[in-house]
Amino acid sequence: MGQQLTTPLSLTLGHWQDVLSRARKESVEIRKKKWRTLCFSEWPALNTGWPRDGTFDLTTILQVKTRVFQPGPWGYPDQDPQALTGLIESILITHQPTWDDCQQLLQILLTTEERQRVLLEARKNVPGPDGRPTQLPNEIDEVFPLIRPTDWDINTAAGRERHRLYRQTLLAGLKGAGRRPTNLAKVRAVVQGLEETPAGFLERLMEAYRMYTPFDPQAQDREADIIMSFIGQSAPDIRTKLQRLEGLQGYTLRDLVKEAEKIFNKRETPEEKEERLRKLQEDRENVRDKKQNQELAKILATVVQGSEHRPGQTGNLGDKRRTRVERNQCAYCKEKGHWVKHCPKNPRRKPTPILPLEKGD
């Protein structure tokens with residue numbers, strides 16, 4: 001007790017049910033044997049510093065993830081089964097390998113688990129006399145034997161026909177095994193990048209349909225599904241304009257791609273967009289300044305009109321309260337001894353009338 005050395009790999013294998021539960025939540029199918037092979041043999045070969053006993057170091061894990069999901073022909077083969085299937089298909093067609101050659105080819109390119117899955121799928125697709133897949137074991141073993149046949153002479157017409165039928169069935173098995181479990185969420189997650197061309201986006205979308213669904217995206221009865229995904233998952237500006245097309249129901253997938261290419265090519269450059277936004281900001285500022293000037297002019301006009309209705313007043317009249325005078329002081333000339341109505345200096349004072357005296361009075 002307590003003397004056994006534990007490693008990250010042994011911990012995951014010892015708690016395999018927890019690993020499976022976490023993988024299922026991520027829609028990932030894993031097997032213990034494959035897990036051990038990846039950790040012990042394949043990931044250390046990626047030259048990322050991955051130890052054979054595994055690690056929980058996040059930096060190392062991210063480096064392995066980057067290599068595994070690297071796009072292009074340098075990525076991890078298991079992440080692109082369609083490419084591997086295409087490679088094997090070209091070899092089967094051009095070189096027409098024998099049964100022994102096919103086994104060697106599968107031995108080199110596939111793991112043990114992958115070979116078993118391919119052979120199982122191939123035996124499900126063995127054609128019967130009517131051309132449809134047969135369920136009879138003797139017919140399956142005759143067309144697609146798991147043990148080396150001794151009577152398949154490549155130099156005879158019958159032997160060549162048996163090899164041709166074997167290669168055809170093997171190819172069907174490769175395509176069936178390379179198809180992952182149906183996961184429409186993975187298909188919906190494929191969206192067009194901001195700088196991605198519509199043609200490139202369509203190619204990725206078709207590849208997602210081939211990889212995560214059992215449907216053939218090039219089949220005529222699936223074109224409507226591809227069209228809906230192409231429109232709904234395009235870039236926002238392209239999607240909006242495609243949805244506004246008149247007679248959209250009559251467009252084929254090829255027509256929509258052409259329309260999307262036109263929209264993509266008419267996009268403004270970053271410099272043009274910056275210039276347009278700058279002019280738009282200037283226009284907004286000019287409108288705001290003009291509105292402020294108009295409001296200020298209205299206020300000034302109101303003040304001027306109010307002044308015109310008060311004759312005799314110009315500018316600031318100061319304190320309008322009257323200066324208080326004393327009891328015997330004139331309010332006009334400010335002299336004492338008389339009031340304003342008797343002020344001799346007040347031009348508005350009426351002179352006291354003098355009555356003429358008649359003679360004899």
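Some observations on this one:
- Taking Cα atoms only, the orientation of helix 223-232 departs from the longest principal axis of the chain by about 40 degrees.
- Eligible lysines near residue 298 by straight Cα distance, threshold 28 Å, same-chain separation 8 or greater: 290, 320
- Proximal lysines relative to residue 341, as straight alpha-carbon distance under 16 Å, when same-chain residues fewer than 8 apart are discounted: 350
- Normalising by residue count, region 150-220 has a Cα convex hull of 135 Å³ per residue.
- If the chain linking residue 37 and residue 95 were pulled fully straight, counting 0.36 nm for each residue of separation and taking away their Cα-Cα distance, it would gain 17.8 nm.
- Gaussian network model of the chain, Cα within-10 Å springs - most flexible of 277, 119, 20: 277
- Distances between every pair of Cα atoms in region 95-162, grouped in 5 Å steps from 0 to the bin holding the largest one, split as 3, 15, 22, 24, 22, 11, 2 percent.
- Relative contact order, percent, region 93-171 [alpha-carbon distance under 8 Å, six or more residues apart]: 31
- By the compact-protein rule of thumb, 2.2 N^0.38 Å, the alpha-carbon radius of gyration of the chain corresponds to a ratio of 2.32.
- Separation of alpha-carbon centers, region 155-176 and region 11-52, rounded to whole Å: 35
- Cα-based helix-to-principal-axis angle, 270-308 vs the chain, degrees rounded to 10: 20
- Note on 33, 241: ascending count of other Cβ atoms within 10 Å places them as 33, 241, the fewest first.
- Largest GNM mean-square fluctuation across 160, 52, 288, computed for the chain with C-alpha springs under 10 Å, falls on 288.
- Residue of 137, 51, 181 that the Gaussian network model of the chain assigns the largest fluctuation, springs spanning Cα pairs under 10 Å: 137
- Helix 16-25 axis, angle to the chain major axis (alpha carbon atoms, nearest 10°): 50
Since every read-out is calculated from the coordinates, none of them should be taken as a lab result. Please read these numbers as outputs of a predicted model, since none were measured by experiment. Cβ sites come from the backbone with ideal geometry, for glycine too, and all protein chains shown count toward neighbours.
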